[in-house]
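I have placed the structure first, in the form of structure tokens, so that the comments after it can refer back to it.
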Amino acid sequence: MSSRLIVIAGAVLIAWGVKRHYADAAVEDLTWILRPTTDFVSMATGERFMWQAGEGYASRNRLFLVEKSCAGINFMIAAFGMLAIALAHRARPGGSAFAILGGSLVAGYATAVPINAVRIAIAMWLAAHPDVLPGLTPADVHRVEGIIVYFGGLVLLHEAATQFDRRVLAPGRTS
């Protein structure tokens, strides 16, 4: 089996495993991503979030809850998959496929936390200013905002990965 195929197959299996974990997880099982995300949101907004068992992190001042569906897991999976596929051409026999998968997973997580924090901070601002986008329901505003932030995050991450590939990994490139 080619090293590229190992990266792609590994990425699919890892993405499926993370998605399965997320689907079955209670909010308490997601503190590994919810806590740092709300810490970033707190830094950006000045709001304090308190843990509420079975619910998530709540801002009593803003009546805003960062709960399971706000974890950013789907973005993390998309970021991981995009990176793994973008760097799969680098895979060589002897373990580099596993380095690409591991690095992509770490980078996907490290990207998901701040990008998701930006999305939540913007969502909090939009919730406090409901007349900014007249004609849209709050659910529509939330959905559009999420699409824009997450798509922008993926574009920026892809550009960073491309630059990393060209500048850092370029020596020895064979494709």
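Here are a few things to note about the model shown:
- Selection from the stretch 59-78 of residues that are of a type in the set (A, V, I, L, M, F, W, C) and at positive phi: Leu63
Rundown of residues vs (1) under 24 Å from Ala123 (Cβ atoms); (2) modelled with pLDDT of 95 or more, yes/no style:
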{"site": "Ala15", "(1), (2)": "no, yes"}
{"site": "Val27", "(1), (2)": "yes, yes"}
{"site": "Arg60", "(1), (2)": "yes, no"}
{"site": "Ile73", "(1), (2)": "yes, yes"}
{"site": "Phe80", "(1), (2)": "yes, yes"}
{"site": "Leu83", "(1), (2)": "no, yes"}
{"site": "Ala91", "(1), (2)": "no, no"}
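- Only listed residue being assigned to a helix (DSSP H, G or I), buried (at least 18 other Cβ atoms within 10 Å of the Cβ) and in contact with a Lys or Arg (Cβ under 9 Å, 6 or more places away or on another chain), chosen from Val113, Val149: Val149
- Sole residue being closer than 24 Å to Thr31 by Cβ, over 12 Å from the mean Cα position of the chain (by Cα) and among the β-branched types (Val, Ile, Thr), chosen from Ile122, Ile77, Ile73, Ile100: Ile122
- Odd one out for Val106, checked against (1) buried (at least 20 other Cβ atoms within 10 Å of the Cβ); (2) more than 13 Å from Val7 (Cβ to Cβ): (1)
The values are calculated or read from the model by the stated rules, or taken from the named source; none is laboratory data. What you are looking at is a predicted structure, and each value in this text was computed from that prediction instead of being measured. Positions of Cβ are backbone-derived with ideal geometry, glycine not excepted, and every protein chain shown enters the neighbour counts.
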